[in-house]
Amino acid sequence: MSLNMREAMKQPVRRMFRGSLFTALTALCLHANTPPVSFDAPGAFPMLADAIATGDFNGDGVPDLAGVSFSSSSVGIGNGDGTFQAPVYFAVAPTTSGQGLTLGLAVADFNHDGWPEVAAGAGSNVAAVTNRTR
């Protein structure tokens, strides 16, 4: 059996999508028209952190950045243009004897007051702080 060039090009597309030729061509056209993803050069932010998370800690609708390390925890308030204010440091960094690395950071409204809190974990210890912003 011989195939012309048009039929030969359809075969891999049909096998790939296992659907109608229309569905396969639609998917290929949508993919072909998707613009490439690009980012600006990274900006520097002076925050010592083993783990980071985002949340709107001051309620202005702009994402803020929380970071925690073995020695400190901090929040950088977002300016809304991709930059952050100088970090505000607070105590929430749990440590375990012999371990200095914070393994995780979570941001959620743990006490259901409408404001996000920060929780950090290291080893078998977890510490959380209540957001007092009002």
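Could you check how many residues of the stretch 58-80 are closer than 21 Å to VAL126 by Cα, at pLDDT 75 or above and either part of a loop (DSSP other than H, G, I, E, B) or touching a Pro at 6+ places or on another chain (Cβ under 6 Å) (or both)? Explain how you work it out, then say what you get.
To start, the set of residues in the stretch 58-80 that are closer than 21 Å to VAL126 by Cα comprises 65-75.
Checking the rest, the ones that are also at pLDDT 75 or above come to 65-69, 72-75.
Those left that are additionally either part of a loop (DSSP other than H, G, I, E, B) or touching a Pro at 6+ places or on another chain (Cβ under 6 Å) (or both): 69, 72, 74.
So the count comes out to 3.
Among the numbered criteria (1) in contact with a Pro (Cβ under 6 Å, 6 or more places away or on another chain); (2) more than 27 Å from SER124 (Cα to Cα), which single criterion is violated by GLY55?
Condition not satisfied by GLY55: (2).
Picking from THR83, THR54, which residue would you name as being hydroxyl-bearing (Ser, Thr, Tyr), under 22 Å from ASP40 (Cα atoms) and modelled with pLDDT of 90 or more?
Numbers: THR83 fails: modelled with pLDDT of 90 or more.
Result of the check over THR83, THR54: THR54.
The values are calculated or read from the model by the stated rules, or taken from the named source; none is laboratory data. On a predicted model such as this, the values are computed, not experimentally measured, just so you know. When we count neighbours, we look across all protein chains shown, and the Cβ atoms used for this are built from the backbone with ideal geometry, even at glycine.
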